[in-house]
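Here's the structure, in structure tokens; my notes come after.
The values are calculated or read from the model by the stated rules, or taken from the named source; none is laboratory data. Predicted model only: the values in this text are computed from it and were never measured. Backbone-built Cβ (ideal geometry, glycine too); neighbour counts: all protein chains shown.
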Amino acid sequence: MSEETPEIYFSGCWNQVGHFVYIPGGKRVRRNTTWPWKYLDSEQLHPQGQGDAWLTHKAGWTALGIGDQSVDNRPGSNSVFAIRGIYDFSQALCLARMSFPNVVDRIGLITLVEVIEK
């Protein structure tokens, strides 16, 4: 990874129920039109357990999805980090933690369950 942090977004709950897209610092933004997924939280397979993670790559982007019921306890609730570039699980998690430390800390233990390559 370069020393410069890549373009990264968080899709999920910030401090209350409701899944939205955020940039580092917690500013809510509209959906990014440059990433290759129409909806980050519905186009992937989602492990159901708290902290269960999946990783996928598409068109030069990495998505790290994590089962997350820390704010929204409905079944299937998740948090997704979209990162421009191709990263493995450890790298993606490190970037997510650097960019959104409050979210990653809130989720707790995160374990890779599935890598999805389409």
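Would you confirm, using the coordinates I've provided, whether Leu64 is in contact with a strand residue (DSSP E or B) (Cβ under 9 Å, 6 or more places away or on another chain), assigned to a strand (DSSP E or B) and more than 16 Å from Pro6 (Cα to Cα)? Here the answer is no, as Leu64 does not meet what is asked. Taking the listed residues Ser70, Ser42, the one that is surrounded by fewer than 19 Cβ atoms within 10 Å (Cβ to Cβ), part of a loop (DSSP other than H, G, I, E, B) and at pLDDT 80 or above is Ser70, with no other qualifying. Contact map, the range 56-67: residues that are closer than 11 Å to Ala92 by Cα and surrounded by fewer than 23 Cβ atoms within 10 Å (Cβ to Cβ) paired with residues that are polar (S, T, N, Q) and modelled with pLDDT under 90, Cβ distance under 7 Å, separation 6+ or inter-chain. Pairs shown: Thr56/Gln44. Condition (residue is at pLDDT 90 or above and basic (Lys, Arg)) applied to the range 29-38: is it met by at least one residue? Within the range 29-38, none of the residues are at pLDDT 90 or above and basic (Lys, Arg). Residues in the range 73-108 that are surrounded by fewer than 16 Cβ atoms within 10 Å (Cβ to Cβ), modelled with pLDDT of 95 or more and part of a loop (DSSP other than H, G, I, E, B): Ile86, Asp88.
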